[in-house]
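Just below is one structure, and these are the notes that go with it.
We did not get these values from a lab; they are worked out from the coordinates using the rules stated. Note that the coordinates shown come from a computational prediction; the quantities given were computed from them, not determined experimentally. For neighbour counting, all protein chains shown are included, and Cβ atoms are generated from backbone atoms with ideal geometry for every residue, glycine included.
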Amino acid sequence: MGLVDQALNNFNRVEQMVNTEETRPETPADRAPVRRRLDAREREQQIVAGAADFFARRGLDAQMRELAGELGIAHTLLYHYFPTKRHLIERVYEQTIAGRWDTRWEALLDDPARAPQDKLLAFYREYLPAILTPEWLRILVHSGLSDGLIPNRYFAMVRAKLFPRLLRELRRAAGSRSRARATPREEALLMSFHGGLIYHLGIWPLVYQQTFAGEGDAALVDTFIGDRVHGLLLQAPGIVPAPRARA
C-alpha cells in the first residue's frame with residue numbers, strides 16, 4: 001500500500017472514531033430533560049393527587065412509606081407536608097369528595113320558579129357525572145371499611161346541603177309546605193332514591209366492575225335518571241304526611 005493510500009485509510013479510521021456516539025459532540029436531543037424543581041404548593045398538590053389515586057387503588061390502610069415510593073419522594077418529605085396520615089386523608093377528602101360539590105346546585109334547587117321534577121332532573125344530570133368516578137367511589141368505600149372518616153364527612157354534608165332541599169321538593173310535589181323534620185318514611189324514600197342512583201350508575205359498574213344494560217348510552221342513562229325522579233315524585237303523596245286541618 002502506497003503512502004498516500006495508507007494516509008487516506010488512517011484518515012477514514014479517525015473520522016469513524018470521531019463520529020461514534022461516544023465521541024461526537026452532544027446535541028440538545030442527547031441531553032436528559034432537566035426536572036423543574038416544584039415549589040411548595042405544587043409539591044403539596046402532587047402529593048394530594050397521588051394519594052387520591054393511591055388510596056383508591058390500595059385502600060386507606062396502605063402505608064405512607066409505600067405512597068412515598070410510588071410518588072418517587074422521600075417519606076420524610078411526605079411527612080414534612082402532612083405530619084400524619086389523617087391530615088393527608090382529610091386533604092384527599094376536601095379535594096376529591098367535598099371539592100366536587102358545586103354551590104350552583106344549591107341555587108338551582110332553591111329556585112322557586114322551577115317545578116320539582118325540572119329541578120331534580122337538572123341537579124342529578126350534573127351531580128352524578130361529577131361524583132361517579134372510580135377514585136371518588138372507591139375512596140368512599142375504602143374509608144367506610146376502615147375508619148369511616150370520609151363517609152361520615154360526606155353524609156354530614158349531604159344531610160346539610162342536599163337532603164333538606166330534596167325533602168322540600170318532595171313535599172312540594174305532594175302539595176305540602178311543611179317544614180317539620182323528615183318522618184322515617186320520608187327519609188327512607190329519599191335515601192332509597194339518592195342511593196339507588198349512585199348504586200345503579202356508579203357502584204355497580206365502578207366498584208363491583210359489573211355491567212348494566214344501557215351502560216355507556218348517555219341518552220338511556222339520562223332516561224334512567226328521569227325515571228327515578230318521576231318515581232320519587234309519584235310516591236310523594238302516599239309518603240308525605242297530610243297537612244293537619246286547622247282547628
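Checking each residue in region 159-190 for being of a type in the set (A, V, I, L, M) and exposed (fewer than 13 other Cβ atoms within 10 Å of the Cβ) picks out Ala160, Ala180, Ala188. For Ala218, are the conditions met, namely being surrounded by fewer than 12 Cβ atoms within 10 Å (Cβ to Cβ) and closer than 27 Å to Ile89 by Cα? Taking the combined requirement at face value, the residue does not satisfy it. When Leu71, Leu88 are checked against the criterion of being touching a Gly at 6+ places or on another chain (Cβ under 6 Å) and either farther than 30 Å from Val221 by Cα or aromatic (Phe, Trp, Tyr) (or both), Leu71 stands alone in meeting it. Selection over region 61-89 of residues that are touching a residue at least 60 places away in the same chain (Cβ under 8 Å) and either among the aliphatic types (A, V, I, L, M) or under 11 Å from Val48 (Cβ atoms) (or both) gives a count of 1.
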